[in-house]
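Since the structure comes first, as structure tokens, the remarks are kept for the end.
The values are calculated or read from the model by the stated rules, or taken from the named source; none is laboratory data. If you're wondering where the values come from, they're calculated on a predicted model, not measured in any experiment. Positions of Cβ are backbone-derived with ideal geometry, glycine not excepted, and every protein chain shown enters the neighbour counts. Accessible surface areas use protein heavy atoms only, side chains included; no ligands, DNA or RNA. Shrake-Rupley method; radii C 1.70, N 1.55, O 1.52, S 1.80 Å.
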Amino acid sequence: DKFLAGCREHNVPLDFFSWHSYGSKQNPFGINEEPFTARKLLDSYGFTDTELHLNEWHYVEKWDSYFMHNGGLSTIQCAVHAAAVITAWQDTPLDMANYYTIGRGGLFSAWYPWGEKNRIYYAFLALAAINRHAERISATNSTENIFVLAGKDASGKAAILISSFYAETEKIVLNTEGRNFQVKVLDETHNLEEIPGLVENGKLHIPVCSGTPALWLIEEI
């Protein structure tokens, strides 16, 4: 508050306002609300055009040296959390988010130190796929800790990204409206690999292992 009051008092322009944040097991999605808090704060000082940049974020289940140095920052939990948070941020005033980090070989990276791609890599691969379907389609769900992002590409073909972060549900059901879809899953045993989906009465049924993190990329073919 003192910084913003000083900028206002001395007519200092503020192009962007940045902060860091880490989701945790205790509060994984408090990070989703932070853009609203930041926007309200800046607006109260008259900086209504200042951009919001969350320029360092990740999921850290616990700040423990053993956990952090033994793959704990590149788990399926981290991967699904990233996709879920980015999905939620589509409906916030956030202008930019910089994930810490993608670069090769670091503790927080999308690659293990020996070069192998980890779960975070595949989560962002799924996000890249949904980004190619840039015209957003309205998508809702009623289950806690499930986040849905849908869109269609220039040719009109649809895609859906579903992120389930420890959601308590046994299956996901989609109304396909007669369209054909390919389903890929990222979980503890699949790296965004195709799995069969059961179609019954025009609806696509996707099995879910309740209470475990996973995401599904569903693309029209």
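Using a 1.4 angstrom probe on the protein heavy atoms only, line up H53, H58, H190 by accessible area, largest first.
Result, largest first: H190, H53, H58.
Once the convex hull of the alpha carbons of region 1-53 is built, what does its volume come to per residue, in cubic angstrom?
So the per-residue hull volume is 75 Å³.
Starting from the Cα coordinates of region 1-107, work out the convex hull volume and express it per residue in Å³.
Spread over its residues, the Cα hull of region 1-107 gives 118 Å³ apiece.
Return the carbon/sulfur percentage of the accessible area of region 1-97, one whole number, probe 1.4 Å, all protein chains in place.
50
To the nearest 20 debye, what charge dipole does region 28-86 have about its Cα centre, counting +1 at the Cβ of each Lys and Arg and -1 at the Cβ of each Asp and Glu?
Dipole of region 28-86, to the nearest 20 debye: 120 debye.
Given bins 10 angstrom wide, list per bin the percent of all Cα-Cα distances in region 97-160, short to long.
20, 35, 31, 14, 0
Determine the principal axes of the Cα atoms in region 157-205, then give the extent along each, sorted from largest to smallest and rounded to whole angstroms.
Cα extents, longest axis first: 31, 22, 17 Å.
Would you calculate, for the chain, the mean residue ellipticity at 222 nm contributed by helices, counting each DSSP H stretch of 4 or more residues as -39,500 (n - 2.57) and dividing by all residues, to the nearest 500?
-7000 deg cm²/dmol
Near K2, which lysines are there with a Cα under 23 Å away, not counting those fewer than 8 places off in the same chain?
K40
What does the charge dipole of the chain about its Cα centre add up to, to the nearest 20 debye, if the Cβ of each Lys and Arg holds +1 and the Cβ of each Asp and Glu holds -1?
For this selection, approximately 240 debye.
Excluding residues on the same chain fewer than 8 positions from K157, give the aspartates and glutamates whose Cα lies under 16 Å from its Cα.
Within the straight-line limit of under 16 Å, K157 reaches these aspartates and glutamates: E135, E177, E219, E220.
Per residue of region 53-61, what does 6.51 cos²θ - 1.76 cosθ + 1.60 with θ = phi - 60° give for ³J(HN,Hα)? Whole Hz please, x for Gly and Pro, Karplus curve as stated.
3J(HN,Hα) across region 53-61, in whole Hz: 10, 8, 9, 7, 7, 5, 10, 10, 4.
If you count the DSSP beta bridges with both ends in the chain, what percent of them are antiparallel, to the nearest 5?
Percent antiparallel among DSSP bridges in the chain is about 75.
What is the distance, in nm, between label points placed 7 Å from the Cα along the Cα-to-Cβ direction at E51 and at K157?
Those two pseudo-labels are separated by 3.2 nm.
Determine the per residue accessible area of the chain with all protein chains present and a 1.4 angstrom probe, expressed in square angstrom.
On a per-residue basis, the chain sits at 54 Å².
Residue by residue, what Karplus-based ³J(HN,Hα) values in Hz, rounded to whole numbers, does region 167-183 have, using 6.51, -1.76 and 1.60 with θ = phi - 60° and x for Gly and Pro?
Running phi through 6.51 cos²θ - 1.76 cosθ + 1.60 with θ = phi - 60° gives 5, 8, 8, 9, 7, 10, 10, 10, 7, 7, 6, x, 8, 9, 10, 9, 10 Hz.
Considering amide H positions built from the backbone, and no H for Pro or chain starts, which residues 5 or more places from E51, or on another chain, come under 5 Å of its amide H?
F16, F17
In whole Å, how far is the Cα centre of region 69-144 from that of region 150-187?
17
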